[in-house]
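Everything on this sheet refers to the single structure shown next.
Nothing in this text is a laboratory measurement; each read-out follows from the coordinates by a stated rule. A quick note: this is a predicted structure, and the numbers were derived from the prediction, not measured. All Cβ positions, even for glycine, are placed from backbone atoms using ideal geometry, and neighbour counts span all protein chains on display.
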Amino acid sequence: MTTGNEFNIGLAHELLGTAMTDREVLVWRDRRLTYGQLADRSRRLATYLHRAGLGAHRERSELANHESGQDHIALYLHNGTEYVEGMLGAFKSRCVSINVNYRYVDEELRYLFGNANAKAVIYHATFAPRLAAIRDALPNLTVLLQVDDGSGEPLLPGAVDYEEALASVPADLPDVGHSPDDLYVLYTGGTTGMPKGVLWRQHDIFMSAMGGQVPGVWDAISSYDEFVERAVAGAEGGGSMVMVPPFMHGAAQWSSFIMMAGGTKIVIPDENTHMDAADILRTIEREGAATITVVGDAVVRPLLDEIKTGRYDLSSLVVVGNGSAALSPELKEQLLEELPNIFINDSMGASETGAQASHLSAKGNVSTGRFSTGPGAVVVSDDMTALLKPGHDGIGWLGQSGWVPLGYLGDAEKTAKTFPTISGTRYAVPGDRARLLANGEVEVLGRESATINTGGEKVFAEEVEAAITSHPAVRDVLVVGRPHERWGNEVVAVIQLEEGAEVSDADLAAHAGERIARYKIPKGWVFVSQIQRSPSGKADYRWAHAIAMGE
């Protein structure tokens, strides 16, 4: 065990397996794992990886902030119990789990596996053909564990069936010197550029976003004993959460580990390859779930359509937790009209900051875009040399101090730029523009990489999207810039209309003009049958830019 007040995630969850052996923790279809069974299976995976020669080879003290001394295990999986087992098994073997976007094509996969230097992969069988297509380009990928998903794909050459691998070794925790310095790595979504691997010490991500404190309450734990006591006390309430976004995204990983730290059961909808609103609501009803995790309008809108059918008993639902994408006030009001007794909790953070702020909405009290901040959240001056005071003029950068990442895997230059030291304190400043209001709240304007410079003015895509999506004919929208001879760039809206709806460019412009300044109103309007987003619902601005350019 580690000593002092720092934490290793694998060891923390070992204690939960002992303290809550028979308490259910993960449910998917006919599989219902207890904390004890999860501990057993993740230990077996850790032992298997350890016996394969994988683990930690250089300690943190020997490494620069952009370097890893541990072997990386790619998780190329749809949602399922194996994903959480994979993360914990990696932690317990002193390896590092790597999240793989299962929608990537060959070139993107080659980049991700190569950038991460993955030594092993745990993958659903349905992905075997795509993995086979890139395997020759990945000579260091030596351990392949294939999870049977009913697709009928045979084992790849050299691969081992996942369940057979677990059954082949004892459920012993490898004695490998677990440390709070062991890594947690989260690859960014790559929706505005190539994905980057964010390196966190396990203690820092644990405290920031994986169980060491509750976002919104911000009461940090100080010992393993306290961690277990809180989880056991939470389990007595018998709560459960339905997980909608994919585990390959940070929002799902973080909310799951926070829930497990509170003794809460995590339920995965039966359909795990795409979002099925009816299946999600049936799952809430069947399990009597109190919480559901969503990602913005793209997820809530189809759920709301299905809720309005009146087919489901959702009386158990207390909290809708939203993160990673904005949930518009109009949809919040509609959701609260259907479910007047729930709360909507918006959480804000980034791969590079962890949980930073939250905002609670209830019926009769709805807003979006302003947050109450947690410890260490700041707004940094435009030149990144000072912290801005509440009520400052202009716009700054949203930043975070305290428990922040080490850097980006393999990229010293981006590490230095994103994690500057200001007046002797190190901050994470990943690129979100914000204002620190006089009352201490933060108004978040959007990511700089999605900002459009037009005619000498900066236009924040998310602000324009919010103005347009409030139109009843609009189902979804992404806003991007495209080159323009006069303006430098012009604002373009890529729009998906509600089924059967018709609306003119002029009508949309007039509607948006009631909410935003004239220079922010799109000069181009492109209509598509379906907006492309990540499986979690996050915006894919690279796709939208290509559409706006007519590519």
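Couple of notes before you dig in:
- Of Lys265/Lys308; Lys265/Lys332; Lys458/Lys538; Lys265/Lys414, pairs whose Cα-Cα distance is over 32 Å: Lys265/Lys414
- log₁₀ of I(q)/I(0) at q = 0.18, 0.20 Å⁻¹ - the range 455-548, Debye sum with one point per alpha carbon: -0.77, -0.95
- Distance between the pseudo-spin-label points of Ala362 and Val176 (7 Å out from Cα toward the beta carbon): 4.7 nm.
- Under 5 Å from the amide H of Asp182 lie the amide H atoms of Gln202, each residue being 5 or more positions distant or on a separate chain, with H modelled from the backbone and absent for Pro and chain starts.
- Residues of the range 33-61 falling in the label zone of Thr142, defined by backbone nitrogen less than 14 Å from a point 7 Å along Cα to beta-carbon, are 49-57.
- Cα-based Rg and Dmax for the chain, where Dmax is the largest Cα-Cα distance (Å): 23.0, 69
- Principal axes of the range 338-480: Cα extent on each, largest first, Å: 49, 38, 33
- Only alpha carbons enter this Debye calculation for the range 228-366, each as an equal point scatterer, and the log10 of I(q)/I(0) it gives at q = 0.11, 0.14, 0.20 Å⁻¹ is -0.37, -0.62, -1.32.
- For the range 43-82, the list of trypsin sites (Lys or Arg not before Pro) that fall in a loop by DSSP and count at most 13 other C-beta atoms within 10 angstrom reads Arg58.
- Over 19 Å [Cα-Cα, the range 45-139], rounded percent: 42
- Added length on full extension, which subtracts the Cα-Cα distance from 0.36 nm per residue, Glu236 to Thr21: 76.1 nm
- Farthest positive-ward along the chain dipole, Cα basis, beta-carbon charges - from Gln356, Gly537, Leu131: Gln356
- For the range 116-121, 3J(HN,Hα) computed residue by residue from phi via the Karplus equation (6.51, -1.76, 1.60; θ = phi - 60°) reads 7, 6, 5, 9, 9, 9 Hz, glycine and proline entered as x.
- The value of relative contact order for the range 46-138, using C-alpha pairs under 8 Å at least six residues apart, is 32 percent.
- Sorted peptide list for 293-300, 484-491, criterion being average Cβ within 10 angstrom, highest first: 293-300, 484-491
- Take each peptide in 430-442, 409-421, count the other Cβ atoms within 10 Å of every residue, and average; sorted highest first, the result is 430-442, 409-421.
- For the chain, the dipole from Cβ point charges (+1 on Lys and Arg, -1 on Asp and Glu) about the Cα centre works out to 760 debye, to the nearest 20.
- Where only DSSP H runs of four or more residues are counted, the chain gives -8500 deg cm²/dmol as its mean residue ellipticity at 222 nm, each run worth -39500 (n - 2.57).
- Pairs of Cα atoms nearer than 8 Å and 6+ residues apart set the relative contact order; for the range 9-217 it is 20 percent.
- Projecting the Cα atoms of Thr34, Val295, Tyr111 onto the dipole axis of the chain, where Lys and Arg carry +1 and Asp and Glu carry -1 at the beta carbon, places Tyr111 farthest toward the positive end.
- Rounded to the nearest 20 debye, the dipole magnitude of the range 9-217 is 240 debye, with +1 charges on Lys and Arg beta carbons, -1 on Asp and Glu beta carbons, and the Cα centre as origin.
- In a fully extended conformation the segment linking Leu437 and Glu485 would gain 13.6 nm over its present Cα-Cα distance, using 0.36 nm per residue.
- Projected-area mean, the range 376-447, by convex hull of Cα positions, square nanometres: 4.8
- Applied to the range 249-258, the Karplus parametrisation 6.51 cos²θ - 1.76 cosθ + 1.60 on θ = phi - 60° returns per-residue 3J(HN,Hα) values of 9, x, 4, 6, 4, 5, 5, 5, 5, 5 Hz, with x for Gly and Pro.
- Estimated from the Cβ-Cβ distance and a Förster radius of 35 angstrom, the FRET efficiency linking Ser223 and Ala64 is about 0.65.
- Using a simple spin-label model with pseudo-atoms 7 Å out from Cα toward Cβ, Arg518 and Thr385 lie 3.7 nm apart.
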